[in-house]
Every structure is written in structure tokens, then in C-alpha cells.
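Q: Input: one structure, supplied below.
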Amino acid sequence: MSDPVIRIENLRKSYGPVVALDGISLEVKQGEIFGLLGPNGAGKTTTVKILTTLVRPDGGKAEVAGTDVLSDPAKVRSLVGYVPQELTVDPYLTAQEHLSYYADLYHLPAASRETRIQEALALVGLAGLEDRRARHLSGGTKKKLDLACGLIHRPPVIVLDEPSLGLDVQVRRDVWNYIVRLKERGTTLFLCTNYMDEAERLCDEVAIIDRGKIVAMGSPAALRSQLKRDVVSVEIASANEHHGESLESLEKAVSQLSMVQRSVKDGTRLKIYVESNDAALPKIIEAAASVGISVQSITYSRPGLDDVFLHYAGRAFSAGGESGG
Amino acid sequence: MGDFLQETKAQLGRWMIHLKREPFNVAFNLVNPLILLIFMGGAFQALARDSVGGDYRSYLLPGILALTAFGNSMAGGIPLLFDRETGFLLRLMSAPISRASILVSRFLAVNLSTMLQCLLILALGLLFGARIATGLGGVVALLMIGLLLGFGVTVISLILAFVLENHGDFFAILGVTALPLSFLSSAFVPLDALPLWMRLLARVNPMTYAIDAMRSLILTGWDWPRLLLMVIVLLVFDGAMFWLGARVLSRQLA
Ligand SMILES: Nc1ncnc2c1ncn2[C@@H]1O[C@H](COP(=O)(O)OP(=O)(O)O)[C@@H](O)[C@H]1O
Ligand SMILES: [Mg+2]
């Protein structure tokens, strides 16, 4: 009952000289949404491909429902529904034909097929479009079809690799609703993402991965509260055409303050990480005034997952990991 | 076994849908054969009458059939390479299916379309005045020979689909095989009319045996020794390709 549905232990994988996974371990409990959050190139897709038996690990262990991916790949494949990062719909096939194709690949009996197809179409909101060729569906609708194909066999585990990548806001919300509905049915979800808000909003448990290593793990709330600091975000007047230099001097000025741990420039804003301290706001405003900078707005907030990433990975999330180094 | 049939049928169904909704691809395959049939047949009709002893279009028809079978089979792996490039194949492989079903379904689809195309070429040949000495039985035999040649070539194409890295390379290979190999056979002129080096190469080209057998069926009648030689050569060729394919592809699809 309490056995984890997915268990990964010290998993390693290299592509030639590139170390994609440097010994990661994690466990996913029955019925939860587990998020693997990290920048591009962190090793998310590699993890997913090992879980779906598409790539052989160099070392370590990966199990789905107690079945090792290497010793019984066929069993693992029948337990997992996989929706890859890239669109994999076939432009020539209709939505209905896609679902019927996957129904056969998962060996569904003829009797239950039609109900399953209708159910999958309804779940992603594609009812009425079943006879349209994928070529003539919008990008967002293609993605929904892709998602529907991954659940036609009602798998106990569904693996989604960056499901909302590149989608517009409305479709993104639809996809989120769909993920929540799957969870309500008792499906265990493994979700890769590089969107903080997606992880924060959907996931019960998050592992932050960076350069093939898991740097932090826990519920989004726990991860945030582990960080004993708050964020002051200062926006300087946008009319200031030298805002680059202004941010520079503001950064220098606030670094003198004792409660400031570090700061990061983000567009026309400066994010300042401070030890929880009531005096922080007035002190920062004072520092800005002392170097002649007019502040447009200033906010004080609890840290988000991007701040968690910054803390553990030692650099801003948006800087990405592909650069190596 | 039931599972294998179900997954193979589904994949074959997808290829048939492609065939139906992508008629342009078939047309593309038929361009070269049709140019040869219409223009080369027309251009050399008078010139060739003496050397081939009769109607040049009838003489040319077997070569064009073999070229069609070869070209279609050789291109047969391309959709699988596209599936590799788009990620479709990887997703397919995350399903609990036998890897062999991927190859078997594509193999069947390619050879079905080869058969259709050969029928189309035959019909056009007849329309342009070619005659088949062995009648309806001969038509069936001609299709069989096309398939026997196509089987081994399809396997080569499936290997290429998994060994090559991108479809550009695949198209390049297609461009430099079909027509040159046809010229290095008895497709357009009798072997005796070829220079020695070309004749030697034509002798090791399985197409030559298919074409010679087809030609006898169209021009003269049931030439059993020739048909037997063709069957032996093509079975050896197909067998060798299947053996090679099994070795390479079982590793590529592991
Ligand atoms: N097939 C491959 N060959 C070589 N390198 C690869 C391959 N797949 C992934 N990589 C490398 O492995 C690292 C992790 O990639 P990936 O797992 O795709 O990351 P993510 O999905 O988090 O963006 C990256 O540096 C990537 O370039
Ligand atoms: Mg990825």
C-alpha cells in the first residue's frame, strides 16, 4: 500500500562525455503528482526515457510498481502512459484514428475500445473533433490529442515530459485541468517541467534537478520554508534610460546592508534576498535614495521555487544549464 | 500471437491511410518509370526495332516494372526514418509491442504499394500498346517477380532507415541507386549490347534476372529454365538481405 509507485536509485547515464544523470534517487508515492523541475539540459528527459524503457541507464535502478525497467520492460511499458516533450501526432490521421491506433498498441479488446476512445476525447475536451485530421488541428489541440493518446489504456502511471511547453495561456490551463482530473482518478503522475508556476501549482512533491543532480526535494511549501529568507523586489523608474547603470549602483548600495544576502538583476528590477527582517524595506528605500535612484515599486514576498533553485543551484533558473561550465 | 496481430494490423492500417491520403508520394515514385515508358519508349521505338526484334515498349516494360519495384522498395524505409526524426517511433516503442511488428507492418505496406504500382505500370503499358504473351497468368507472375525483387530491397531500405541519421542522406542514396542500377542491368538494352564492364556488373545485379524473366513472359512465353534461375537468384538475394536485416535491426531496435 505505502510502497512507492516509482523508485529511482542512484541512476546514472552519460552520452559520451556528457553526464546527463549523475546519480539521482527519488520516490513517487501512489496517487501523487511528482514534479521534476529543472532548466533545459538538466536531465529530465533522460530520466523519463529510462522510466519508459527507451534508454538504458549506465548504472543504478529504476522501478515502476516494483518492476525493474531492465528486467521486465514489457510489463513496465504496459503500466506507463508516456507523452513525450515533442508533438508526436501524425498529420495524416484523424483524432479518432490516433486513439484507435494506440488502443491496438496497448491491446485493448474490441468491446471496450469505443467507450475508451470517447472517454479519452472527452477528458481532454476533443469531443466533436474526432474526424478532423491532425494536420488541421491547432497546436494546442494537437497537444491535447497527444495527451489523450497517453491515457487510452488507463495506465496507473502517466509520465508527462514538459506538457505545457510552448502552449498559450488558455490551452495551458486546459492541460493543467486535465492533469488534475487524472490525479482525481487515482493516477500517479510524473511531470517534468521547467515552469516554476506549473510545479508550484500542480505538484505534491517536487525534485529540483540541475546538471544531472537532484539539488532539493520536498513539497513546494516545504522547499520554500526551508529557505530562511524573503525576497524584496525593487522596480526602478522605467523612464530612466540608464536603468542598467542604476541597477548596478543600487545593487552596490544595498550590498552594504547587513541583512542583504545577495541580489539578482531581472530586467528593470532588482531582486534582493534578505534575512526575514521588518527593517529591510525602509533600509533598502533609504539606500536607493542615497544613490539618487527613484523607486517605481517595491514588494516584499516569501520566496518562490525560482528562489529555491537559485539557492541550491547557485545561479538564477533562467540562466539555464545547457551552457555547461 | 493475438497481440502481435493486433499491433501489426494497427500499424499496417496507419501506412494504408498514408498511402490513401498521400497519393502524391506514389505519383512521385511513378515519375521516372512513366518518363521512361512514354518518352524513351517513344523516342527509341523506330531505332530499336531491329536490335530488340519487335515493339520497343513491350521490350522496355519489364525494365520499367523492375525499376518501379526497386524504387518503391528502396524508398520504403523513409517513413520510418521520419518517425525516428519526429519522435513518433520512440513513443511507439514505449508501448508494449513487439519490435518486429514495426518492421513487419512496414514491410507489408511497402510491398502492397509495390504491387499496386506495378499493376498501374502494367495497365499503362498495355494502354500504350504493349502486349503480354503469357496473358493473365503472366500478369500474376510479373507481379510475383516484382515482389520477389522488392522483398530484399525493402529490407535494405529498412536497415538504412535505422542506420542513417537523417532523411537527407536517405534521399541522396535513393538518387544514386535506382536509375544507375537499372542501366547496369538488361532493363533498356540486351546484355550483349553492353560494354564488357557493364555486362559484368549487370550479371551480379539481381534486377537483371528479374527483368530477363519478366521479358520472356511478356515477349515470348513460359521459359521455365529462365524462371527457375530467376527464382533461385532472387531467393538467395532475399535470404541474404533478411539475414543481414535480422542482425542489424535486432541490435538497432533493442
Ligand atoms: N541522445 C543524446 N546524445 C547526446 N547527448 C544527449 C542526448 N540526449 C540528451 N543529451 C544531453 O544530456 C543532457 C540532459 O539532457 P535532457 O535529459 O534532454 O535534459 P532536459 O530534458 O532536462 O532538458 C543535456 O546536456 C543533453 O544535451
Ligand atoms: Mg527535456
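The values are calculated or read from the model by the stated rules, or taken from the named source; none is laboratory data. Keep in mind that what you see is a predicted model, and the values were worked out from it rather than measured. Neighbour counts run over all protein chains shown; Cβ positions are idealised from the backbone, glycine included.
Q: Within the bounds of the stretch A:86-97, is there any residue that is closer than 26 Å to A:ASP306 by Cα, assigned by TED's automatic domain parsing to the domain that holds A:LEU151 and within 16 Å of ligand 1 (Cβ to nearest atom)?
A: Checking the stretch A:86-97: at least one residue is closer than 26 Å to A:ASP306 by Cα, assigned by TED's automatic domain parsing to the domain that holds A:LEU151 and within 16 Å of ligand 1 (Cβ to nearest atom).
Q: Given the stretch B:1-116, what helices (runs of 4 or more DSSP H) lie entirely inside it while holding 1 or more residues that are facing chain A (nearest Cβ under 10 Å), surrounded by 17 or more Cβ atoms within 10 Å (Cβ to Cβ) and free of Cβ contacts under 8 Å to residues at least 40 places away in the same chain?
A: Passing ranges, in order: B:2-21, B:78-86, B:88-93.
Q: So if I check each of A:LEU26, A:LEU70, which one is away from ligand 1 (no atom under 12 Å from the Cβ), within 14 Å of chain B (Cβ to nearest Cβ) and not small (Gly, Ala, Ser)?
A: Every option except A:LEU70 fails the conditions.
Q: Hey, another quick one. Can you tell me which residues in the stretch A:75-103 are charged (D, E, K, R) and under 20 Å from A:VAL55 (Cβ atoms)?
A: The answer is A:LYS75, A:ARG77, A:GLU86.
Q: Oh, and also: Go through (1) surrounded by fewer than 18 Cβ atoms within 10 Å (Cβ to Cβ); (2) within 14 Å of chain B (Cβ to nearest Cβ); (3) within 16 Å of ligand 2 (Cβ to nearest atom) one by one and return the number of the condition A:ILE50 breaks.
A: (1)
Q: Just the residues that are among the polar types (S, T, N, Q) and either in contact (Cβ under 8 Å) with a residue 40 or more places away in the chain or assigned to a helix (DSSP H, G or I) (or both), please, taken from the stretch B:199-245.
A: B:THR208, B:SER216, B:THR220
Q: Is it the case that the stretch A:32-54 has a residue that's away from ligand 1 (no atom under 16 Å from the Cβ) and under 20 Å from the mean Cα position of the chain (by Cα)?
A: yes
Q: Would it be correct to say that A:SER219 is polar (S, T, N, Q), crowded, with 16+ Cβ neighbours inside 10 Å, more than 14 Å from chain B (Cβ to nearest Cβ) and more than 16 Å from ligand 2 (Cβ to nearest atom)?
A: When the stated conditions are applied, A:SER219 does not pass them.
Q: Only one of B:GLY138, B:GLY125 is away from every other protein chain (no Cβ under 14 Å), within 22 Å of B:LEU181 (Cα to Cα) and outside any loop (DSSP other than H, G, I, E, B); which?
A: The conditions single out B:GLY125.
Q: Can you tell me which residue is nearest to A:ILE208 (Cα to Cα) among those in the stretch A:286-316 that are without any contact (Cβ under 8 Å) to a residue 60 or more places away in the chain and among the hydroxyl-bearing types (Ser, Thr, Tyr)?
A: Among those residues, the one meeting the criterion is A:SER294.
So that you can scan it fast, the table gives a plain yes or no per residue for (1) of a type in the set (Gly, Ala, Ser); (2) touching a strand residue (DSSP E or B) at 6+ places or on another chain (Cβ under 9 Å):
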site	(1), (2)
A:GLY212	yes, yes
A:SER219	yes, yes
A:SER225	yes, no
A:HIS242	no, no
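Q: Could I ask something else about it? For the stretch A:67-79, does any single residue satisfy the condition of being among the charged types (D, E, K, R), away from ligand 2 (no atom under 14 Å from the Cβ) and either modelled with pLDDT under 95 or assigned to a helix (DSSP H, G or I) (or both)?
A: There is at least one residue in the stretch A:67-79 that is among the charged types (D, E, K, R), away from ligand 2 (no atom under 14 Å from the Cβ) and either modelled with pLDDT under 95 or assigned to a helix (DSSP H, G or I) (or both).
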